[in-house]
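A quick write-up on the structure given underneath.
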Amino acid sequence: MVDKPDWIFDRDDEWQAMTSFISRGLTVGSRPRATLGVISGRRRQGKSFLLQSLAEQVGGLYFAATEATEAESLRGFARALDPHVRTRLPAFDDWNEAIIGLFSGIGENPTTVVIDEFPFLVRASPSLPSIIQRELGPGGSGFGSAVRLLLCGSAMSVMGKLLSGQAPLRGRAGLEMLVKPFSYRSSAEFWGITDARLAVMVHAIVGGTPAYRYEFSGGDVPADLADFDSWVARTVLNPRTPLFREARYLLAEETDIRDPALYHTILAAIASGKTTNGKIATYVGRKSDQITHPLNVLEDCGLVVRDTDMIQGNRSHYRIAEPLIAFYEAIMRDRWRDLEMARADAVWADSRQTYLSNVVGPHFEELCREFAAGADETLFAGRPAEVGAGVVSDPGNRTQIEVDVVVKASSDRGPRCLLSLGEVKWGETMGLGHVARLTRAQGLLAAKGWDTVSTKLACYSGAGFTDELRAAAAGDDRILLIDLDQIYAPE
């Protein structure tokens, strides 16, 4: 196993997965066989940095594709391949020759080969995945070759289709890895933020994307909570920083998005709290069936996530996966002209309350669900199997109770066993009334056949708890009070 270099922060699981893949190898009889791995993830997550470091550590080949014609890409690939082959290869006329030259030229010498930004090559040469599939198959040049081929890309819609359905490479990959943003805890450490409240507020804007720490913000970090407003104005809302236009670029980079105005309006609807298909359609001014395709595209691109209601499984809600886009749609989009005229302070003064309610509030709910999903079995008296949000119908009061954090037990305890029901409040001190709501939801679910005998009632707060609630929790082990320090405590 190859040790992870000191210069790579976090990413222990990803490094272990990659090094395990390149170390295994395959043989047919006594002969080696080339293997394939596929690595994907949104831009700015550090995939290229990881793969370049891996290639350097093992003496492998790293080829970064660019937006170019097939002929130019072939020349670049040949130059990158030349130092790794046993004998000099002739110029490649097409990818048939290049892939055969790769496998046969390297032969039985175990070699890691990284092709980064693979979607650029596929766009110019759509048959490339089929060529790789053929050469990895019976009778192909991959037999007798010890190449460990890693294909990497950021165009999520393209990378997602490589191994799906009837795609040529389906079933061929020995590694399928998604490089995600840093977790909220790792992100706080990466930014050097020790104040949990400040960590949430920064994470609600930049998320866990590594590149935003240095390349996009110049290494500017809010010194403390008092500096946060100034930091937003001088970095995120500053038209002279790369972070300012990043949310727009993230959408523009997706090749499947052909009507940016429609997609921005859908994202704006979600950012404003309209999270169901019907409410989004009303906001956009279209029928529900007319926005199904755009929502699917946004899902495929990894920009939007559809969460199934944990109580009413036939319902679902959409949320924006990239915090910077949620911030842009809620705060920046309608005030773009003012921001371009360097009026960041005025815009932020007008928008700060919207940020707290429409951005930080929902984001904190998602962090609490992430916290619950990673909890050990001692917190909820059982290990969480599924975590999400849900809605409980309350016909007696002609209303519905929204439960922010629903924690289900593993199936061996029954399909309807609830470990916990939780409510999340970012800017509100929580009291006995919040527990009463959860207790009401618990009773309604029990009447419908859910197992709530051991269900914990959890209050997640960014602003603390009343003395009365603390006293109640001290005398009732069903009530859990979870504050920011606990949420950010090391795992």
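The values are calculated or read from the model by the stated rules, or taken from the named source; none is laboratory data. Not measured: the values here are computed from a predicted model. Here the Cβ is made from the backbone with ideal geometry for all residues, glycine too, and neighbour counts use every protein chain on show. Just so you know, the surface numbers come from the protein's heavy atoms only, side chains and all, with ligands and any DNA or RNA stripped out. Shrake-Rupley method; radii C 1.70, N 1.55, O 1.52, S 1.80 Å.
Here is how the numbers come out for the structure above:
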{"quantity": "Rounded FRET efficiency, nearest 0.05, which uses the C-beta distance separating VAL58 from ASP467 and R0 of 41 Å", "calculated": "0.10"}
{"quantity": "Neighbourhood charge, 15 Å Cβ-Cβ cut-off, centred on VAL179 and excluding it, Lys, Arg +1 and Asp, Glu -1", "calculated": "-1"}
{"quantity": "Test item: Cα-centred dipole of the chain, Lys/Arg +1 and Asp/Glu -1 on Cβ, debye", "calculated": "1200"}
{"quantity": "Cubic angstrom per residue, convex hull over Cα atoms of the stretch 339-389", "calculated": "103"}
{"quantity": "Rg over Rh [alpha-carbon atoms, Kirkwood Rh] for the chain", "calculated": "1.01"}
{"quantity": "C-alpha long axis of helix 243-252 to longest principal axis of the chain, angle in °", "calculated": "70"}
{"quantity": "Helix-only CD estimate at 222 nm, as mean residue ellipticity for the chain, using -39500 (n - 2.57) per DSSP H run (n ≥ 4)", "calculated": "-11500 deg cm²/dmol"}
{"quantity": "Kirkwood hydrodynamic radius over Cα pairs of the stretch 1-106, then Stokes diffusion coefficient at 37 °C and 0.692 mPa s, in µm²/s", "calculated": "209"}
{"quantity": "Within straight-line cross-link reach of LYS287, aspartates and glutamates at Cα separation under 20 Å, skipping those fewer than 8 residues along the same chain", "calculated": "ASP259, GLU299"}
{"quantity": "Residue order for THR276, THR66, THR455 - accessible surface, 1.4 angstrom probe, largest first", "calculated": "THR66, THR276, THR455"}
{"quantity": "Point-charge dipole on Cβ atoms (K/R +1, D/E -1) for the stretch 346-491, about Cα centre, debye to 20", "calculated": "520"}
{"quantity": "The stretch 118-189 - Kirkwood radius from inverse mean 1/r over Cα pairs (Å)", "calculated": "14.0"}
{"quantity": "Acute angle (nearest 10 degrees) that the helix 260-271 long axis makes with the longest principal axis of the chain, alpha-carbon atoms", "calculated": "40"}
{"quantity": "Leading residue at positive end of dipole, the stretch 203-346 (Cβ point charges), from VAL297, ALA268, GLY285", "calculated": "GLY285"}
{"quantity": "Cut-off under 5 Å, modelled amide H: who pairs with GLN400 long-range", "calculated": "ASP394"}
{"quantity": "Nearest-0.05 FRET efficiency for SER316 and GLU253, computed from C-beta distance (R0 25 Å)", "calculated": "0.40"}
{"quantity": "Cα pair distances in the stretch 200-334, grouped into 5 Å bins until the bin that holds the longest one, percent each", "calculated": "2, 10, 19, 21, 18, 12, 10, 6, 2, 0"}
{"quantity": "Ranking by accessible area, most exposed first, for HIS293, HIS84 with a 1.4 Å probe", "calculated": "HIS293, HIS84"}
{"quantity": "Probe 1.4 Å, protein heavy atoms only - accessible area per residue of the chain in square angstrom", "calculated": "45"}
{"quantity": "Cα-based helix-to-principal-axis angle, 196-206 vs the chain, degrees rounded to 10", "calculated": "50"}
{"quantity": "Protein accessible area in the chain, 1.4 Å probe - carbon and sulfur %", "calculated": "47"}
{"quantity": "Kirkwood-type radius of the stretch 256-337, with distances r between different C-alpha atoms, in Å", "calculated": "12.9"}
{"quantity": "Distance from the stretch 277-333 to the stretch 76-141 (C-alpha centre basis), Å", "calculated": "39"}
{"quantity": "Rounded to 5, the percent of DSSP beta bridges in the chain classed as antiparallel", "calculated": "40"}
{"quantity": "Quarter of Cα convex hull surface for the stretch 270-396, i.e. mean projection, nm²", "calculated": "11.1"}
{"quantity": "Exceeding the 26 Å Cα-Cα cut-off - candidates LYS47/LYS279; LYS279/LYS456; LYS408/LYS448; LYS274/LYS425", "calculated": "LYS47/LYS279; LYS279/LYS456"}
{"quantity": "Sequence-distant residues sharing a close amide H with ALA389 (under 5 Å, placed H)", "calculated": "MET310, VAL406"}
{"quantity": "Mean separation of Cα contacts under 8 Å (6+ apart) over length of the stretch 37-137, as relative contact order %", "calculated": "34"}
{"quantity": "List ASP93, ASP195, ordered by accessible area with a 1.4 Å probe, largest first", "calculated": "ASP93, ASP195"}
{"quantity": "Highest to lowest packing among 473-481, 368-376, scored as the average C-beta count within 10 Å", "calculated": "368-376, 473-481"}
{"quantity": "Summed residue charge, Cβ within 9 Å of LEU457's Cβ, Lys/Arg positive, Asp/Glu negative", "calculated": "0"}
